[in-house]
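Here is the structure we will look at.
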Amino acid sequence: MVRYQRADPEAADELVRRLTPLLFGFLSGPTHSRADTEDLVQECWLRIHKSRHTYRATEPVLPWIFAIARHTGLDGYRRRSRVDSREVKTERLPERTEMPELPGMSLKDELGRYLDQLPESQKEVILMLKVTGMSLEEVARATSSTVGAVKQKAHRAYEKLRRLLGESDGYRRKS
Amino acid sequence: MTSCARCRQLYSWLLGPEEPAELPNGVQELVSRKLRASLRPVKPLPSTGRLAARFVAIFGLFAALLVAYFGPGGAAQMNATQLVVVTVVLLAAAALVAVSLSRQMVPGSVRRIPLSWLVGAFAAGFALVVAVLFPWERLPEMLAGGWACTYHGILIAVPPGAVMLYFAARGAPLSYRSLGATVGAAAGLLSLTVLQFSCENQHAGHLLLWHGGVVVLSVAAGYVAGWAAEQVALRRRQP
């Protein structure tokens, strides 16, 4: 990151190579198409580029990156809501059904579906903690909140996931 | 977890070795090209402490100039205890707002106490100090003539607010609403300080309603301005 601040092109490439998959996973969501997510990732990188002077070598890099990514995602959501509220739908879309169990569904897809059922604030905390491997302190920095608030959100998310998994297991046993 | 095999399987996947994510190669190349095209060396921002000291210096400079301009009539009305306690409370609040502003300039900064708690603690502290240390007037006296203080207070808050916003915008604030409210709080606090040391009406009701009202209005104005800026930015980025 320090080399990137000094305008080393190889450092920039290395950062893009290492962080883009993480950002892609973090910014993708159940209502986004792949193209939407790619647009968000590009926008996020432009913001990171414009803000690179605010990174300090003494601070951890992931909270800095994910704080920017989080706000890019929030702005994307607001923008989509604004467009949706002005668009006239010509077709009626089918309503979302409650988690159908598909045979052969991969574990990763299944977990993704469970995570998509969580409120956005809880989902982002779980993604940062468990998928990206950030510490509680780092997640608190990235979400502009306190460690206590992050712990509480993670606890609520685990409870909801546990309930969803329990329901799914019960359904499997019955069928 | 102990009774559900599926839960254990999912949990172990969650904690297991990271699978290589599906790499969006086209995006990576495009991003790399864009970054390389505008890659220039940048100088990192100074530490939070130095940024906060800069905001406190702006606060102190404006406060000293404005009190000198309007005259220290309010300070002359206060006794030593009132003067010391009020100065300490206002300085502590200015330092907290300065730290909050400098942290908002850097994404991913540590935040041990939520901003809303700090604002609440300051409001409660100031109200308590004023209610206990200053004499209360009757209601008609409290309501009479106070609007002029609030009006002047809002006018006083505008130039330092603009200067602080200029410095804060040198960082990368993520939430315009939060930044607007914090700049509003800093400017309102500065205005409150000037009124406290210049206004000759040092009754508790007047201080709380008409001087304290400046801070409330400044925070609200800053929040609304931040919200408006956010809407403009969203519209610009719309495809």
Q) Once you average over the residues of A:16-24, how many Cβ atoms of partner chains fall within 10 Å of each Cβ? A) 5
Q) What's the FRET efficiency of B:Y151 with B:K43 using the Cβ-Cβ distance as r and R₀ = 45 Å, to the nearest 0.05? A) 0.60
Q: Report the label-to-label distance for B:A80 and B:A169 in nanometres (one decimal), using points 7 Å from each Cα along the Cα→Cβ vector.
A: 4.7
Q.
What does the structure give for A:145-152 when I average, per residue, the other chain Cβ atoms found within 10 Å of the residue Cβ?
A. 2
Q) Along region B:174-187, what does the Karplus equation 6.51 cos²θ - 1.76 cosθ + 1.60 (θ = phi - 60°) give for ³J(HN,Hα), rounded to whole Hz, x for Gly and Pro? A) 8, 10, 5, 5, 5, 5, x, 5, 6, 4, x, 5, 5, 5
**Q.** Modelled FRET efficiency - R0 41 Å, A:D36 with A:A11, Cβ distances, 0.05 increments
**A.** 0.90
Q) For the residues B:T81, A:T72, what sequence is obtained by ranking on other C-beta atoms within 10 Å, fewest first? A) B:T81, A:T72
Q. How much length is gained if the chain between A:R80 and A:R162 is pulled fully straight, taking 0.36 nm per residue apart and subtracting their Cα-Cα distance, in nm to one decimal?
A. 26.4 nm
**Q.** DSSP-loop chymotrypsin sites (Phe, Trp or Tyr not before Pro) across region B:139-239, with at most 16 other Cβ within 10 angstrom
**A.** none
Q: Work out how much length B:Y69 to B:L234 would gain on full extension: take 0.36 nm times their residue separation and subtract the Cα-Cα distance, in nm to one decimal.
A: 55.2 nm
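Tell me the GluC sites (Glu not before Pro) within region B:125-230 that lie in a loop according to DSSP and have at most 14 other beta-carbon atoms within 10 Å.
B:E200
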Q) Shielding of A:7-13 by partners, i.e. mean partner chain Cβ atoms within 10 Å per residue? A) 4
Q) Whole-Hz Karplus ³J(HN,Hα) for region B:110-123, in order, using 6.51 cos²θ - 1.76 cosθ + 1.60 and θ = phi - 60°, x for Gly and Pro? A) 6, 9, 7, 10, x, 4, 4, 5, 5, 4, x, 5, 5, 4
(Q) Tell me which of B:F55, B:V89, B:V67 sits at the most positive position along the dipole axis of region B:20-134, charges placed on C-beta atoms (Lys, Arg +1; Asp, Glu -1). (A) B:F55
Q) Using the Karplus equation 6.51 cos²θ - 1.76 cosθ + 1.60 (θ = phi - 60°), what ³J(HN,Hα) coupling, rounded to whole Hz, does each residue of region B:91-102 give in order, writing x for Gly and Pro? A) 5, 4, 5, 4, 5, 5, 5, 5, 5, 4, 4, 5
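Every read-out reported here was derived from the displayed coordinates using simple, explicitly stated rules and does not represent laboratory data. Predicted, not measured: the structure shown is a model, and the values here were computed from it. So basically every Cβ, Gly included, is an ideal-geometry build from the backbone, and we count neighbours across all protein chains shown.
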